[in-house]
Structure formats: structure tokens, C-alpha cells
Amino acid sequence: MGVDDLLAREYSALKGTARIQFPRHRYQQRFFRDGEGKPPMTITNSGNPWTIKVPAEHRLHHLRKLFQKEIEGVSAKRAEQTETISRRDAYDYVPKDERGQAFPAIWLGAYNVTEHLVGALYMHTPYEELLEIGNGFDRDFAKGVGKVRRTLASIAVVEDMQRTGLGTALLTAGESQAKQEGAIWVTGFMDERNGTPEFYESNGYNIQPRNIALPKLEPFGVRELHPGYVNGQWFYKKL
Ligand SMILES: CC(C)(COP(=O)(O)OP(=O)(O)OC[C@H]1O[C@@H](n2cnc3c(N)ncnc32)[C@H](O)[C@@H]1OP(=O)(O)O)[C@@H](O)C(=O)NCCC(=O)NCCS
């Protein structure tokens, strides 16, 4: 999908600009997921040859490895570094529940009957944009955008299980979690090497023409720019 590429590049572009500083103890308390050490939570299986679960924190590297294998241009190691840094830096703008606890990024794993990982999804708030908005002019505005928007950063299904409905099941479960957290838009980007518009169309997404940025999404109406160094299509859906 190339979003990791995109994040990494945007990150290097941001280097040297003002950053939000977090005292270490503060984000240690609030940043890491509270699911660590607990058994993974089953979300759906409903008679399918797979089960979709929220994986335990220490299993996330399996999901990153799957993305690396199935999505061209993704590096598991680089993705992990980018995720940690982006989320930490954009922490103030990450949506929180009523107790003030930040929602973790949405990670879902699909496992077959022998408990092997056969598909995965990773969705999060658009960290880079929130940082730009929040650092640039308006922190509350950035928080609002963070609440309503989720980025589909990665989705993949192992080759021999593609076209069996598993990608759709993962996406539907991810969207439903995002909606529960108050999101109203899911957006994403597929580069010329990965993804297929038909998959997103069949899941109700609007697909932009090649290299045309997302339209303004209400209620915040941020004007998006297409970064000239990537080639592909943006897509979006109202939940
Ligand atoms: C994209 C991906 C996650 C889709 O998962 P999937 O399990 O194959 O998708 P589904 O079975 O739910 O497909 C649902 C519908 O989407 C459309 N679709 C999915 N893949 C398609 C393809 N390669 N060509 C045309 N239509 C496709 C079809 O309409 C399909 O319904 P059908 O099989 O009844 O015709 C999977 O192909 C994949 O992992 N690809 C490699 C990694 C990748 O490119 N990820 C996306 C990065 S942007």
C-alpha cells in the first residue's frame, strides 16, 4: 500500500522541525496498550475457516512480518520504528475514551484452524497530518480530526486465502472498531504496486483518480495534498 513508505518519508521531511516533547514516564504510562500479557480477544469466527482476533502486543511483529511478505515496499523493522515514533509524537491528538485512556491503534490478526496467521490489518489515526495541523496552528482542531479519521495503513491476506472473503472480514471488523471509537471516515492509499481498487470498491470505498488527493472530509474539511513522490490512488469511506 505504500503508506509506510509515505510515513517514513514524511517523517524524514519533518526532522528538524519543532516536536512535541513527552516526559518518558508520561507516555510509558499511557502509551502502551493495556492488552499486553492478556490472552488475545476473539472478535469473529462465525463459521469461517478463520478467526479474527486482537493480537497480544508481543505478537504484533508476526503481523508486521506478514505485511512485509505480502505488501511490496514494506519493511517490518522500519514500520515498527515509524509506528512508535509517530504515535508518541502525535499522542496529544490521538482520541481518548471517556476515562482519558488513548485508544490503541487497531490491530487485527486472522488465524486459521491450526492457529497460523493468515491475514492482518493495521489502522490508526493519521499521525503525520495531526502533527502538522496541531503544531502548525490549532491543537483542538487536530484533536477533532484525530477523532473522526482513521487511516488504513496495512491490510494483507496470505496468497492461498485471497478471494475467500477474509480481506473483507478484516476490513469490516476494523471499520466497526473505528466506528465504536467515534470515527466517521476511513481513508487509505494504495500505490501502483499494491492493492486493487476493486477490493476497496466492493467494500464501499470511493476511489480517487491516480495521484489526486483526498477531497475535503467533513466536518473539518482539511485540504489534503498529494505528495508528489508517491504514485497511486487515495480512497475513503464514510462509516
Ligand atoms: C487486497 C487483499 C487484502 C484483499 O483480500 P481478499 O481476502 O483477497 O479480498 P476478498 O476476498 O474479501 O475480496 C472481496 C472482493 O474484492 C474484489 N477483489 C479482491 N481482490 C481482487 C483482485 N485481485 N482483483 C479484482 N477484484 C478483487 C472482488 O470483488 C472480491 O469479491 P469476489 O472474490 O467475490 O469477486 C489481498 O488481495 C491482499 O492481501 N493482497 C496483497 C497485499 C496488498 O496488496 N494489500 C493491500 C495494500 S493497499
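The values are calculated or read from the model by the stated rules, or taken from the named source; none is laboratory data. Model, not experiment: these values are computed from the prediction. When we count neighbours, we look across all protein chains shown, and the Cβ atoms used for this are built from the backbone with ideal geometry, even at glycine.
Pairs linking a residue in the range 115-133 that is without any contact (Cβ under 8 Å) to a residue 12 or more places away in the chain to a residue that is of a type in the set (Ser, Thr, Tyr) and within 16 Å of the ligand (Cβ to nearest atom), with Cβ atoms under 9 Å and 6 or more positions apart or on different chains, are Glu115/Thr51.
Say whether the condition of being surrounded by 17 or more Cβ atoms within 10 Å (Cβ to Cβ) and under 29 Å from Pro49 (Cα atoms) is met by at least one residue in the range 129-137.
Of all residues in the range 129-137, those surrounded by 17 or more Cβ atoms within 10 Å (Cβ to Cβ) come to 129-135.
Applying the additional criterion that residues be under 29 Å from Pro49 (Cα atoms) yields none.
Looking through the range 129-137, none of the residues is surrounded by 17 or more Cβ atoms within 10 Å (Cβ to Cβ) and under 29 Å from Pro49 (Cα atoms).
Filtered by the rule that a residue be free of Cβ contacts under 8 Å to residues at least 12 places away in the same chain, over 25 Å from Glu129 (Cβ atoms) and in contact with a Ser or Thr (Cβ under 7 Å, 6 or more places away or on another chain), the range 37-92 gives Thr42, Asn45.
For the range 113-128, a tally of residues being β-branched (Val, Ile, Thr), surrounded by fewer than 23 Cβ atoms within 10 Å (Cβ to Cβ) and under 18 Å from the mean Cα position of the chain (by Cα) returns 0.
Conditions tested, residue by residue: (1) out of contact with any helix residue (DSSP H, G or I) (no Cβ under 7 Å at 6 or more places or on another chain); (2) at pLDDT 95 or above.
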site: Glu132; (1), (2): yes, no
site: Gly146; (1), (2): no, no
site: Arg149; (1), (2): yes, yes
site: Gln162; (1), (2): yes, yes
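Evaluate the range 102-112: report whether one residue or more is under 15 Å from the mean Cα position of the chain (by Cα), away from the ligand (no atom under 16 Å from the Cβ), closer than 18 Å to Ala183 by Cα and part of a helix (DSSP H, G or I). Within the range 102-112 (the criterion being under 15 Å from the mean Cα position of the chain (by Cα), away from the ligand (no atom under 16 Å from the Cβ), closer than 18 Å to Ala183 by Cα and part of a helix (DSSP H, G or I)), the answer is no, since none of the residues qualifies.
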